[in-house]
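A.B. asks: For reference, the structure I am asking about is given below.
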Amino acid sequence: MKHLILLSLIILSATILLACSGNNNNKTSTLDNKNDPPSTATSSSGNASWSCNLDGQAITGNIIDNGLQYDHQSNVAYIDEVDEGKELLFYLSDTKSPSSLGVHTLRFSVPAKTGASSFGQDENGWGIEVDITINNGHTARYNSDSFTINVTDLTATRTSGTFAGKFTLHGNITDTDKKEISVTDGKFDITIAKN
């Protein structure tokens with residue numbers, strides 16, 4: 001009888017211990033999720049990738065953000081109807097998490113079609129803009145002087161291609177900002193947002 005009571009106590013203790021540790025994990029998980037900002041995006045694991053050299057510095061990105069910086073999420077393409085026809089609009093950013101801002105952001109507004117296109121300064125509404133966050137209070141903004149984009153693939157779900165260009169400093173200028181920059185060896189492979 002002693003052994004039966006002792007065995008019952010051990011089983012009861014183990015059951016209570018397991019039940020309590022399961023509830024504790026749920027509470028921690030709930031608290032962690034409560035502190036995270038709401039997200040409609042997911043981190044990339046093959047969903048987005050891009051790279052380029054900006055004045056010889058290698059820049060890459062692959063995380064889809066929460067759309068904190070702009071009206072659209074970074075590293076996702078959108079197809080919109082504009083006066084010039086269908087637009088392929090996307091922001092490539094080197095954000096480090098879905099809830100953070102990138103230091104480098106390239107904004108593309110190009111015709112939604114495959115093939116190579118070359119443009120000058122803000123030609124017919126098409127263009128690429130480069131924003132470089134210098135510090136919390138200053139972003140250097142560059143507009144394209146000339147750029148080429150080759151959209152090699154454009155489907156209902158993905159787009160990919162290459163790009164390069166030269167850019168001139170515009171707006172909110174400080175004496176320490178470079179006046180001109182170049183982007184070379186640009187590549188992108190990103191998803192297209194569902195409208």
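The values are calculated or read from the model by the stated rules, or taken from the named source; none is laboratory data. The model shown is predicted, which means the values in this text are computed figures rather than measured ones. Heads up, the Cβs are rebuilt from the backbone with ideal geometry, glycines too, and the neighbour counts pull from every protein chain shown.
A.B. asks: Out of the residues in region 46-67 that are aliphatic (A, V, I, L, M) and farther than 15 Å from ASP131 by Cα, which is modelled with the highest pLDDT? Explain how you work it out, then say what you get.
C.D. replies: Kept after step one, since they are aliphatic (A, V, I, L, M), are these residues of region 46-67: 48, 54, 58-59, 63-64.
In the following step, the residues that additionally are farther than 15 Å from ASP131 by Cα were identified as 48, 58, 63-64.
Numbers: ALA48: 93, ALA58: 96, ILE63: 91, ILE64: 90.
Among residues in region 46-67 that are aliphatic (A, V, I, L, M) and farther than 15 Å from ASP131 by Cα, the one modelled with the highest pLDDT is ALA58.
A.B. asks: For LYS178, indicate whether it is touching a residue at least 12 places away in the same chain (Cβ under 8 Å), in a strand (DSSP E or B) and surrounded by fewer than 17 Cβ atoms within 10 Å (Cβ to Cβ). Steps first, please.
C.D. replies: Details: touching a residue at least 12 places away in the same chain (Cβ under 8 Å): yes; in a strand (DSSP E or B): no; surrounded by fewer than 17 Cβ atoms within 10 Å (Cβ to Cβ): yes.
In short, no.
A.B. asks: OK, next. I need the full set of residues from region 150-169 which are surrounded by 13 or more Cβ atoms within 10 Å (Cβ to Cβ) and either closer than 14 Å to ASP131 by Cβ or not hydrophobic (A, V, I, L, M, F, W, C) (or both), in order please. Break it down into steps so the answer makes sense when it comes.
C.D. replies: Start the filter on region 150-169 by keeping residues that are surrounded by 13 or more Cβ atoms within 10 Å (Cβ to Cβ), which leaves 150-152, 154, 158-169.
Within region 150-169, ASN150, THR152, ARG158, THR159, SER160, GLY161, THR162, GLY165, LYS166, PHE167, THR168, LEU169 meet the criteria.
A.B. asks: Sticking with this one: Conditions: (1) assigned to a strand (DSSP E or B); (2) over 18 Å from the mean Cα position of the chain (by Cα); (3) modelled with pLDDT under 95. THR184 meets all but one. Number of the miss?
C.D. replies: It is condition (3) that THR184 fails.
A.B. asks: Scanning region 81-122 for residues that are part of a loop (DSSP other than H, G, I, E, B) and of a type in the set (Asp, Glu), which turns out modelled with the highest pLDDT? Steps first, answer last, please.
C.D. replies: Restricting attention to region 81-122, the residues satisfying the condition of being part of a loop (DSSP other than H, G, I, E, B) are 83-84, 94-103, 112-114, 120-122.
Filter once more, so that each one left must be of a type in the set (Asp, Glu): 83-84, 94, 122.
Details: ASP83: 81, GLU84: 79, ASP94: 91, ASP122: 61.
Filtering region 81-122 for residues that are part of a loop (DSSP other than H, G, I, E, B) and of a type in the set (Asp, Glu), the one modelled with the highest pLDDT comes out as ASP94.
A.B. asks: If you take the residues of region 165-181 that are over 16 Å from SER144 (Cβ atoms) and among the acidic types (Asp, Glu), which of them is modelled with the lowest pLDDT? Even if it seems obvious, please write down each step before you answer.
C.D. replies: Within region 165-181, the first condition is being over 16 Å from SER144 (Cβ atoms), and the residues that meet it are 172-177.
Cutting the leftovers down to among the acidic types (Asp, Glu) gives us 175, 177.
Details: ASP175: 75, ASP177: 83.
Result: ASP175.
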